[in-house]
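Undergrad: Quick one: the structure is below, questions incoming.
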Amino acid sequence: MVLLALSKWGIVNIVLGLILLYMVANWGIVKIRGQRLHGALTSEEFEKDMRKSQLIDLRDKKDFDKAHILGARSMPSVSVKTWENELRKDLPVYLYETGENISIRIALRLKKAGFTDVKWLKGGYGKWEGKVKKTEKKY
């Protein structure tokens with residue numbers, strides 16, 4: 001009965017509100033699960049031990065080709081199923097992307113797959129203060 005009394009726009013607003021609520025809750029859950037992993041590293045901490053790790057850039061290939069952390073491999077998050085088995089479980093895995101949410105999701109996935117040492121760059125690539133490799137395309 002209540003739904004019949006709502007206008008079309010009222011229903012649309014309720015649906016959009018529920019979608020927004022879901023997105024915020026999902027983001028919060030990922031952040032909390034990430035905190036439990038204790039894998040977020042500052043730029044300085046990340047740079048200190050990254051040479052002993054498997055350094056993975058989760059951004060898409062186009063962004064990687066523009067600029068990336070020196071020594072990183074491009075392994076876009078959208079194709080994690082294809083590259084996940086290429087990583088060694090006995091070496092640390094350091095992840096970074098534009099933000100942190102995707103890194104946390106991939107870290108959780110890798111932990112579940114048996115990787116014991118998975119870290120990510122706190123704040124993402126924009127917070128990186130170390131050396132980068134920039135590729136300038138000449139036309």
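Undergrad: Which number in (1) touching a strand residue (DSSP E or B) at 6+ places or on another chain (Cβ under 8 Å); (2) part of a loop (DSSP other than H, G, I, E, B) marks the one condition that Trp120 misses?
TA: Condition (2) is where Trp120 drops out.
Rundown of residues vs (1) outside the structural domain of Lys52 (by TED's automatic domain parsing); (2) farther than 24 Å from Lys66 by Cβ; (3) modelled with pLDDT of 95 or more; (4) in contact with a Pro (Cβ under 7 Å, 6 or more places away or on another chain), yes/no style:
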site: Val93; (1), (2), (3), (4): no, no, yes, no
site: Glu97; (1), (2), (3), (4): no, no, yes, no
site: Asn101; (1), (2), (3), (4): no, no, no, no
site: Ile104; (1), (2), (3), (4): no, no, no, no
site: Lys112; (1), (2), (3), (4): no, yes, no, no
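Undergrad: Could we say that Lys111 is more than 11 Å from the chain's Cα centre (by Cα) and under 18 Å from Leu41 (Cα atoms) here?
TA: It is true that Lys111 is more than 11 Å from the chain's Cα centre (by Cα) and under 18 Å from Leu41 (Cα atoms).
Undergrad: Sort out for me the helices (runs of 4 or more DSSP H) sitting completely within the stretch 41-107 that have 3 or more residues that are among the acidic types (Asp, Glu).
TA: So the answer is 43-49.
Undergrad: Hey, could you check the stretch 117-127 for residues that are over 12 Å from the mean Cα position of the chain (by Cα) and modelled with pLDDT under 95 and say which is surrounded by the fewest Cβ atoms within 10 Å (Cβ to Cβ)?
TA: Of everything passing the filter in the stretch 117-127, Gly126 is surrounded by the fewest Cβ atoms within 10 Å (Cβ to Cβ).
Undergrad: Okay, moving on. Among (1) at pLDDT below 80; (2) touching a Phe, Trp or Tyr at 6+ places or on another chain (Cβ under 9 Å); (3) among the aromatic types (Phe, Trp, Tyr), which single condition is Trp9 missing?
TA: (2)
Undergrad: In the stretch 63-101, which residue that is among the hydrophobic types (A, V, I, L, M, F, W, C) and touching a Gly at 6+ places or on another chain (Cβ under 8 Å) is nearest to Tyr125 (Cα to Cα)?
TA: The selected residue is Ile69.
The values are calculated or read from the model by the stated rules, or taken from the named source; none is laboratory data. Remember, predicted model here, so these are calculated numbers, not experimental data. Glycine also receives a Cβ, built like all others from the backbone with ideal geometry; neighbour counts cover every protein chain displayed.
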